[in-house]
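The block underneath contains the structure these notes are about, expressed in structure tokens.
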Amino acid sequence: MKRDRNREWQLLDHYGAMLTEHQRNILEEYCNEDLSMNEIAENYDISKSAVQDLIRRCEKQLNEYEEKLGTIAKERDLTEVIEEMKASDQDLLQKYAKKIESILKGE
């Protein structure tokens, strides 16, 4: 199965804090640093199959979080609404769109 790197990054970004530090570190090396499973196994002195199992379990867990919480989907939907509001000719809608956007960015 082909990797969806954008999806992996989004899941890790949104729900990575819910993983253990060890799980998060390995998944970050795999997703963000693009290390191979062999390289990760060497870094942690574990087998490649252990890395593979951990990555599969973590990805499953992160996907379950998104299924239950839906924050990635909600953010995508809100972003679409913001863009529609920004495109509006009405100053008030544009003002609120900017406020919502800053909230989503954590500002």
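Numbers below:
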{"read-out": "Condition met for Tyr96 (assigned to a helix (DSSP H, G or I), in contact (Cβ under 8 Å) with a residue 24 or more places away in the chain and aromatic (Phe, Trp, Tyr))", "value": "no"}
{"read-out": "Which numbered condition Ser88 misses (of (1) exposed (fewer than 14 other Cβ atoms within 10 Å of the Cβ); (2) touching a residue at least 24 places away in the same chain (Cβ under 8 Å); (3) more than 18 Å from Gln10 (Cα to Cα))", "value": "(2)"}
{"read-out": "Which numbered condition Leu62 misses (of (1) in contact with a Leu (Cβ under 6 Å, 6 or more places away or on another chain); (2) without any contact (Cβ under 8 Å) to a residue 40 or more places away in the chain)", "value": "(2)"}
{"read-out": "Near pairs, Cβ below 7 angstrom, 6+ apart or cross-chain, from the range 26-54 (surrounded by 17 or more Cβ atoms within 10 Å (Cβ to Cβ)) to any residue that is at pLDDT 95 or above and not in a helix (DSSP H, G or I)", "value": "Leu27/Leu19; Ala41/Ser47"}
{"read-out": "Subset of the range 22-60 (residues that are among the charged types (D, E, K, R) and over 25 Å from Leu104 (Cα atoms))", "value": "Glu29, Glu33, Asp34, Glu39, Glu42, Asp45, Lys48, Asp53, Arg56, Arg57, Lys60"}
{"read-out": "Residue list for the range 57-85, filter: loosely packed, with under 11 Cβ neighbours inside 10 Å and closer than 20 Å to Ala17 by Cβ", "value": "Lys60, Glu67, Lys68"}
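For (1) at pLDDT below 80; (2) part of a helix (DSSP H, G or I); (3) closer than 22 Å to Glu8 by Cβ; (4) of a type in the set (A, V, I, L, M, F, W, C), each residue gets a yes or a no:
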position	(1), (2), (3), (4)
Glu67	no, yes, yes, no
Arg76	no, yes, yes, no
Glu84	no, yes, no, no
Glu101	no, yes, no, no
Glu107	yes, no, no, no
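The values are calculated or read from the model by the stated rules, or taken from the named source; none is laboratory data. Here the structure is a predicted model, which is why all the values come from computation and not from measurement. Counting neighbours? That spans all protein chains shown, and the Cβs are built from the backbone with ideal geometry, glycine included.
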